[in-house]
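The values are calculated or read from the model by the stated rules, or taken from the named source; none is laboratory data. Note that this is a predicted model, so its numbers are computed, not measured. Neighbour counts are summed over all protein chains in view; Cβ atoms, including those assigned to glycine, are modelled from backbone coordinates with ideal geometry. Note: areas computed on protein heavy atoms with side chains; ligands, DNA, RNA excluded. Shrake-Rupley method; radii C 1.70, N 1.55, O 1.52, S 1.80 Å.
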Amino acid sequence: MVRLIAFDLEGTLVKSISGWVELHKRFGTWEKGKEYAELFFSGKIDYAEWAELDASLWRGHTKEEIMEWVRSVEYMEGVEELIDFLRRNDFRIAILSSGLLCLARKVGEELGVDYVFANELIFDENGSITGKVNPIVDFRSKGAILRGLKEELKPELTVAVGDGYNDLSMFREADVAIAINPHEGVEGDHVVESLHEVREIIEGLIGGQ
């Protein structure tokens, strides 16, 4: 018996809202970054182009600078207890983030998550940002990634937890969608304010095991 749960990362498991925005602000590139965001949301560029335009603004900054930010990101209250509960109840756990892999991988390793999908900044041999990105999770692809995991695992139950518009595609693939402190217009089967409530819902789904 296998169950599957997919989490968004930023605003869901950690308190960072957007690594892209936070790094723009750290590196003083936010004004240009806003222009690129407007190009994407107006349909003038695709997600891969947007990611590389953003990363090009950080060219020459180092991996250590990125990891300094990563280490500053705090977890949401109750995350470790929730993950422990899920493990004890036969869930495979995935993180699907349209943020940065360096943060998602650290969180995945610390929490013992089974699958981590996020966008990878490319560094050169000296550890400097090249401006290239491996765009594994674009703005709409979370649903496709979750569908692939379902085909692989054949779970008896699939749950998705997230807060943003880019989580809607994985909500559609899940048996149960949980929106946590969602952005305006984002709806799930359940709307909650904390990870403690997420656990309560899942306990109800699996019969309080």
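The stretch between Glu64 and Asn181 holds 39.0 nm of extra length on full extension. This uses 0.36 nm per residue minus the Cα-Cα distance. About its Cα centre, the chain has a charge dipole of approximately 400 debye under the convention of +1 per Lys or Arg Cβ and -1 per Asp or Glu Cβ, with nothing else charged.
A 1.4 Å probe, protein heavy atoms only, puts the accessible area of Arg147 near 100 Å². Inter-part distance, the range 82-117 to the range 42-62, computed on C-alpha centroids, equals 26 Å.
Other residues lying with their Cβ under 12 Å from the Cβ of Asn126 contribute a combined charge of -2, Lys and Arg counting +1, Asp and Glu -1.
The local environment of Ser16, defined by Cβ-Cβ distances under 13 Å, has a net charge of 0 under the rule Lys, Arg +1 and Asp, Glu -1.
Relative contact order for the range 1-57: 21 percent, from Cα pairs under 8 Å spaced at least 6 residues apart, divided by residue count.
Measuring nothing but how far apart in sequence close Cα pairs (under 8 Å, 6+ apart) lie, relative to its length, the range 117-209 scores a relative contact order of 17 percent.
So, counting K/R as plus one and D/E as minus one, what does the shell of residues with Cβ under 10 Å around Ile93 add up to? Cβ neighbours under 10 Å give a net charge of +2.
The length gained by stretching the chain between Asp114 and Lys34 to full extension, at 0.36 nm per residue less their Cα-Cα distance, is 25.4 nm.
Over the chain, DSSP H runs of length four or greater, each weighted -39,500 (n - 2.57), average out per residue to a 222 nm ellipticity of -13000 deg cm²/dmol. Using a Gaussian network model of the chain in which every pair of alpha carbons under 10 angstrom is joined by a spring, one finds that among Glu109, Glu197, Glu31 the greatest mean-square fluctuation is at Glu31. Below 8 Å between Cα atoms, with a sequence gap of 6+, how large is the relative contact order for the chain in percent? Relative contact order comes out at 25 percent.
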